[in-house]
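Notes to accompany the following structure.
The values are calculated or read from the model by the stated rules, or taken from the named source; none is laboratory data. Treat the numbers as computed from the prediction; the structure is a model and nothing was measured. In this analysis, Cβ positions are derived from the backbone assuming ideal geometry, glycine residues included, and neighbour counts consider all displayed protein chains.
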Amino acid sequence: MLVCFTSYEQISEHHRSEFPTSLQSLNRLNLESLNKLTFIFTPSLAQSLPKLEKLKISECAELQHIIREEDGEREIIPESTYFPKLKTISISDCGKLEYVLPVSVSPSLPNLEHIWILNAHNLKQIFYSGEGDALTRDAIIKFPKLRTLTISNCSFFGPKNFAAQLPSLQILEINGHKELGNLFAQLQVRPLYFSNIFFPF
């Protein structure tokens, strides 16, 4: 099942009428040019997408976070399952996006294969530490199936004291980074990980 929205009014109307009954079978969600959206999901809504495989977001000018924040503080994300079948995250031309997902969601993404984030000039981290997330020096983000990582204007994959284990990564494309050392330190880059590494400038 594919749901595609190209206007704020369209997603608002669909959210009121059809979302509660359709989410369980949703496997692709395409959001484009929704210029009034500042977030996509509440935590409860994010937990209602057990079959989602592809999430594509483009040209959402005001989007700041994928999962809602409240009162200037990141909303606590309970330890539960989010997007267990998600394979692809594609985000482009979202100039105010700061973070993609809380780091507490990462264990729920064992099937993630591709991350593309382009022209997100305000992006600080892909995975951020929300209130209640445990941060330790040995904290690790694991994506056993991730094969493609394309990112721009982001110096950190996750919180500064986290590392990312990406044993299946084959293609790494980096655009517009100023602090590559921090990014590579987090990714624990080793030559055998990759068949292709791109540095477009």
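Output the number of residues of segment 114-126 satisfying the condition of being at pLDDT 90 or above and in a strand (DSSP E or B).
Of the residues in that region, 6 qualify.
Scan I91, I67, I77 and give me the residue that is over 19 Å from N182 (Cα atoms), at pLDDT 90 or above and among the β-branched types (V, I, T).
On the way: I67 fails: at pLDDT 90 or above; I77 fails: at pLDDT 90 or above.
Going through I91, I67, I77 in turn, just one is over 19 Å from N182 (Cα atoms), at pLDDT 90 or above and among the β-branched types (V, I, T): I91.
Would you mind telling me which numbered condition in (1) modelled with pLDDT under 70; (2) under 18 Å from T150 (Cβ atoms) L187 fails?
If we test L187 against (1) modelled with pLDDT under 70; (2) under 18 Å from T150 (Cβ atoms), just (1) comes out false.
Being aromatic (F, W, Y), at pLDDT below 85 and more than 18 Å from L63 (Cβ to Cβ) narrows it down to one of F143, F162, F156, so name that one. Can you show your working first?
Working: F143 fails: at pLDDT below 85; F162 fails: at pLDDT below 85.
Matching residue, one of F143, F162, F156: F156.
Go through segment 165-183 and count every residue that is modelled with pLDDT under 85 and assigned to a loop (DSSP other than H, G, I, E, B).
So the answer is 4.
Could you check, for segment 3-25, whether at least one of its residues is at pLDDT below 60, of a type in the set (S, T, Y) and surrounded by 15 or more Cβ atoms within 10 Å (Cβ to Cβ)? Don't jump to the end; show me each part of the working.
Within segment 3-25, the subset at pLDDT below 60 is 3-21.
Then keep just the ones that are of a type in the set (S, T, Y); that gives 6-8, 12, 17, 21.
Imposing the further condition that a residue be surrounded by 15 or more Cβ atoms within 10 Å (Cβ to Cβ) reduces the set to 8.
Yes, segment 3-25 has at least one match.
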